[in-house]
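Enquirer: Attaching a single structure in C-alpha cells format; questions to follow.
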Amino acid sequence: MTTDSLGGAIVWWCTARRGDSAPQLRVQRVTASGISEWGNGGVLIEQSFSPAGNAAAATDGAGGAFVTCHSARGASLRSQHVLKSGQREWSESGVMVARGGNRRIASSIVRDASRGLYLSWQEFRYGVAPVVLCQRLDSLGVMQWDPDGIRPTTSFAQCRVAPLSCDGSGNLLVAWEAASRSNSAQHRVWVQKL
C-alpha cells in the first residue's frame with residue numbers, strides 16, 4: 001500500500017480464481033473517505049502475475065498510480081500507469097522494462113518530476129548473486145536509459161536494493177546494501193545519484 005497523494009491510498013493485491021493458469025495482480029484507489037474508486041475488483045494490472053517476483057507501486061502525484069510487477073509471460077518485468085479515473089494509460093499489458101529468463105524481484109519505484117517514474121530491481125543476471133538495476137520511464141512509458149537497465153555500481157557482486165528517492169532536481173537516489181569484499185559478514189549501505 002502507498003499514498004495516492006490526495007489523502008487516500010493505492011492498494012495492490014494478488015488474486016487467483018478457479019481455473020486461472022496464473023494469479024492476477026490488481027490495484028485499487030481508496031479515497032480519504034474510504035471509497036473504492038476503481039470498481040469492485042480494481043484495475044487488472046497483470047493477467048499472469050508471478051508472485052515470486054513481487055510488485056511495487058507509487059503515486060503519480062495526481063491520484064493515479066504506477067505499478068511494476070514480474071510477469072510470468074516471457075519472464076518479464078512490466079510497468080503500468082493507472083490514471084486517477086482508473087484507466088490504464090499505457091498499453092493493456094503495460095510496458096516491458098526487462099525481459100529474459102533471469103530471475104527478478106521488483107523492489108522499488110518512485111515518480112520523477114516529469115510524470116514518469118524511476119524503478120529498480122534485483123536481478124540474478126550474473127550467476128546466483130543478485131545485482132541492482134535501474135530504469136527510467138517517461139510519461140509515455142518509454143525507456144530513457146539502456147534497455148537492459150543501468151547498474152548504479154559494479155563494485156559489488158551481491159546487493160539488495162533499498163527504497164528509491166528523488167533529490168528534487170529530477171535525479172534518482174538509489175541505495176543498496178552490499179557485503180564487503182574483504183568480510184562477507186560485514187554489510188554496508190551505499191547511495192548513488194543517477
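The values are calculated or read from the model by the stated rules, or taken from the named source; none is laboratory data. Source: prediction; values computed, not measured. Using ideal geometry, Cβ is built from the backbone for each residue, glycine included, and neighbour counts are taken over all protein chains shown. Protein only, heavy atoms only, side chains kept; ligands, DNA and RNA dropped before computing areas. Shrake-Rupley method; radii C 1.70, N 1.55, O 1.52, S 1.80 Å.
Enquirer: Of the residues that make up the range 113-127, is at least one touching a helix residue (DSSP H, G or I) at 6+ places or on another chain (Cβ under 8 Å), at pLDDT below 85, over 13 Å from Asp60 (Cβ atoms) and surrounded by fewer than 17 Cβ atoms within 10 Å (Cβ to Cβ)?
Expert: no
Enquirer: Pull up the range 22-71, narrow it to residues that are of a type outside the set (S, T, N, Q) and open to solvent by 50 Å² or more (accessible area, probe 1.4 Å), then point me to the one that is modelled with the lowest pLDDT.
Expert: Looking at residues that are of a type outside the set (S, T, N, Q) and open to solvent by 50 Å² or more (accessible area, probe 1.4 Å), I get Ala52.
Enquirer: Test Cys134 against the stated conditions and say whether it is touching a Ser or Thr at 6+ places or on another chain (Cβ under 6 Å) and either modelled with pLDDT of 80 or more or crowded, with 22+ Cβ neighbours inside 10 Å (or both).
Expert: Yes: the conditions hold for Cys134.
Enquirer: Report the residue count in the range 146-179 for those that are closer than 27 Å to Arg99 by Cβ, of a type in the set (D, E, K, R) and at pLDDT 70 or above.
Expert: Qualifying residue count for the region: 4.
Enquirer: Consider the range 72-85. How many of its residues are closer than 16 Å to Trp13 by Cβ and either surrounded by fewer than 22 Cβ atoms within 10 Å (Cβ to Cβ) or in contact with a helix residue (DSSP H, G or I) (Cβ under 9 Å, 6 or more places away or on another chain) (or both)?
Expert: 0
Enquirer: Follow-up. Take Ala65 and decide whether it is closer than 15 Å to Thr15 by Cα and either among the aromatic types (Phe, Trp, Tyr) or touching a His at 6+ places or on another chain (Cβ under 8 Å) (or both).
Expert: no
Enquirer: Regarding the range 68-75, can at least one residue be identified that is under 23 Å from Arg115 (Cα atoms), aliphatic (A, V, I, L, M) and either touching a Phe, Trp or Tyr at 6+ places or on another chain (Cβ under 8 Å) or in contact (Cβ under 8 Å) with a residue 40 or more places away in the chain (or both)?
Expert: The answer is no; no qualifying residue exists.
Enquirer: Let me ask something additional. Is it true that Gly19 is modelled with pLDDT of 90 or more and either open to solvent by less than 40 Å² (accessible area, probe 1.4 Å) or in a loop (DSSP other than H, G, I, E, B) (or both)?
Expert: So Gly19 does not fit the description; no.
Enquirer: Another one. If I ask for residues that are at pLDDT below 70 and of a type in the set (A, V, I, L, M, F, W, C), which ones from the range 180-194 would you list?
Expert: Ala185
Enquirer: Also: Which of the residues belonging to the range 29-48 are in a strand (DSSP E or B), touching a residue at least 24 places away in the same chain (Cβ under 8 Å) and farther than 13 Å from Ala65 by Cβ?
Expert: Correct list: Glu46 only.
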